[in-house]
Amino acid sequence: MESELTQGKKIILSGIQPTGTITLGNYLGAVKNWHNMQSQFDSIFFIADMHALTVRREPSEFRQTALSFFAQLLACGVDPNKSIMYFQSHVRQHAELQWILNCNTYVGEASRMTQFKDKSAKHADNINMGLMDYPVLMAADILLYQSDLVPVGIDQKQHLELTRDIAVRFNNRYGDTFKVPDGYIPTTGAKICSLQDPTSKMSKSDPDRNATVSVIDDEATIVRLFKRAVTDSGSEICAREDKPGITNLINIYAAIENKSVGEVEKEFAGQGYGTFKIAVGEAVAAKFKPIREEYQRYAADKEYIAKVANKGAENAAYLAERTLRKVKKKVGLVSF
Ligand code: AQP
């Protein structure tokens, strides 16, 4: 996909839903890698606002959150001079390709997705079509740009596999059209768990304020959240299946400090849980301090956000249209 907008490098693409604020889980599982990978790849990152509509949102709050997310991504180091950044809803090709992919996806496949089952249970009063169709929109997001790699947390692995299945099926039926993408799942930080229930993933929409750390929380809040983190019985600081609380904290510290789990265990050998929890809290707070400060600067500059997002959408649409045009032709839609 070489053009004046790309440099002929491998293409990475990823998105984030604008709900709540960017969490430590989102940061370590995805956004940190976007920042690290953007010089090495042709990079495309978007605010997945259409995905977020699968759950009912209060419109004015939703709009504010989406804008705030754009500022948070900039503050996390996603650089519009290196990456294409935009709002998903500003690039109509995502929805157009989704429809064609819908016609090449089976209801059985979509309804088997773990996230669909989890979200249906969580939102039993609103099991809408979008909830089930979410992974097909995600497939459209990825396949539109002929992406090579998709940096995501482990929770998205199943959706990526479905994307690959859809791409292979389409290519077999209509001839080579889509690049079949690979996931890029980080070795540390791929699944950060709740600080209050370390057996479930840290989630933006968790109603328990003590469960989640945000990239824009202040230092005192972050240290307090870690002091309150649920730990396990015993006192040894080691990562083990029967110690999910301490294992989660070790994973967080390792990912923040770019260390291996073994190195962290060694560093804290013989020390108590209390000391370790404070050390993790302080490390996270130190990492997020500049992000919070940058966020305040970007959030106050709506004009800049609009400029970056409009340019990003224009560039993304140009690239997306090339694939969409090809797809429409392949499936036999008339074009003049
Ligand atoms: N706990 C996590 N650990 C590691 N990676 C994670 N990701 C999410 N949670 C974790 C990764 O973050 C990226 C963006 O996620 P998303 O916006 O698609 O939303 P999500 O994964 O559904 O996140 P939440 O926090 O659980 O949102 P809600 O509560 O609104 O449903 C993805 O790459 C994801 O893998």
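The values are calculated or read from the model by the stated rules, or taken from the named source; none is laboratory data. Note that the coordinates shown come from a computational prediction; the quantities given were computed from them, not determined experimentally. Neighbour counts are summed over all protein chains in view; Cβ atoms, including those assigned to glycine, are modelled from backbone coordinates with ideal geometry. All accessible areas refer to the heavy atoms of the entire protein, side chains included, with ligands and DNA or RNA removed. Shrake-Rupley method; radii C 1.70, N 1.55, O 1.52, S 1.80 Å.
Label points 7 Å out from Cα along the Cβ direction at Phe336 and Arg322: separation in nm?
About 2.7 nm, to one decimal.
Counting heavy atoms of the protein chains only and a 1.4 Å probe, report the per residue accessible area for the chain as a whole number of Å².
For the chain, the per-residue accessible area is 46 Å².
Given +1 on the Cβ of Lys and Arg, -1 on the Cβ of Asp and Glu, and no further charges, what dipole in debye does the chain carry about its Cα centre, rounded to the nearest 20?
700 debye
What's the magnitude of the charge dipole for segment 209-296 around its Cα centre, counting Lys and Arg as +1 and Asp and Glu as -1 at the beta-carbon? Answer in Debye, nearest 20.
Here the size comes out at about 220 debye.
With the dipole of the chain worked out from charges on the C-beta (+1 for Lys and Arg, -1 for Asp and Glu) around the Cα centre, which of Val327, Leu13, Phe69 lies farthest toward the positive end?
Looking along the dipole axis, the top candidate is Val327.
Stokes-Einstein D for segment 149-293 at 10 °C, 1.306 mPa s, Kirkwood Rh over Cα pairs, in µm²/s?
Estimated diffusion coefficient is 94 µm²/s.
Normalised radius of gyration for segment 207-256, please: alpha carbon Rg relative to 2.2 N^0.38 Å, two decimal places.
Taking the Cα Rg and dividing by 2.2 N^0.38 Å, one obtains 1.20.
Where in segment 50-67 does the amide nitrogen come within less than 19 Å of the point 7 Å from the Cα of Ile127, taken along Cα to Cβ?
Hits in segment 50-67 for Ile127 at 19 Å: 54-56.
How compact and how long is segment 1-97, expressed as Rg and Dmax of its alpha-carbon atoms in Å?
Cα only, segment 1-97: 13.7, 41 Å (Rg, Dmax).
For Cys103, project a label point 7 Å along Cα to C-beta. Then give me every residue of segment 288-329 with its amide nitrogen under 17 Å of that point.
Under 17 Å, as judged by backbone N against the label point of Cys103, lie 324-329 of segment 288-329.
Quick one: accessible surface of Tyr174, probe radius 1.4 Å, all protein chains present, in square angstrom to the nearest 10.
Here the residue's solvent-accessible area equals roughly 80 Å².
Round to a whole number: what % of the accessible area of segment 209-296 belongs to carbon and sulfur, probe 1.4 Å?
That share works out to 47 percent.
Let me test this: with uniform point scatterers at the alpha carbons of the chain, what is the Debye-based log₁₀ I(q)/I(0) at q = 0.08, 0.14, 0.15 1/Å?
-0.39, -1.15, -1.29
Nearest 10 degrees is fine. How inclined is helix 273-299 to the longest principal axis of the chain, computing both from alpha carbons?
Taking the Cα atoms of the chain, the angle to 273-299 is about 40 degrees.
Work the Kirkwood hydrodynamic radius out for segment 209-296: mean of 1/r over every pair of different alpha-carbon atoms, inverted, in Å.
13.2 Å
With charges only on Cβ, +1 for K and R and -1 for D and E, what is the dipole size of segment 10-63 about its Cα centre, in debye, rounded to 20?
With only Lys, Arg, Asp and Glu charged at Cβ, the dipole is about 80 debye.
Could you give the longest part of the chain that holds none of the GluC sites (Glu not before Pro) found in DSSP loops with at most 16 neighbouring Cβ atoms within 10 Å?
5-235
Kindly state, to the nearest 0.05, the FRET efficiency for Arg209 paired with Ser233, given R0 = 22 Å and r defined as their beta-carbon distance.
Here the calculated transfer efficiency is 0.30.
So, R0 is 35 Å and r is the distance between the beta-carbons of Glu314 and Glu293; what FRET efficiency does that work out to, to 0.05?
About 0.70, to the nearest 0.05.
Which of the residue pairs Lys82/Lys307; Lys9/Lys311; Lys9/Lys179; Lys32/Lys259; Lys32/Lys191 have a Cα-Cα distance greater than 19 Å in the structure shown?
Lys9/Lys311
How many angstrom separate the Cα center of segment 133-165 from the Cα center of segment 80-94?
Distance between centres, Cα-based: 16 Å.
Less than 15 Å Cβ to Cβ from Val284, Lys/Arg counted +1 and Asp/Glu -1: what total charge do the surrounding residues give?
For residues surrounding Val284, the net value is +4.
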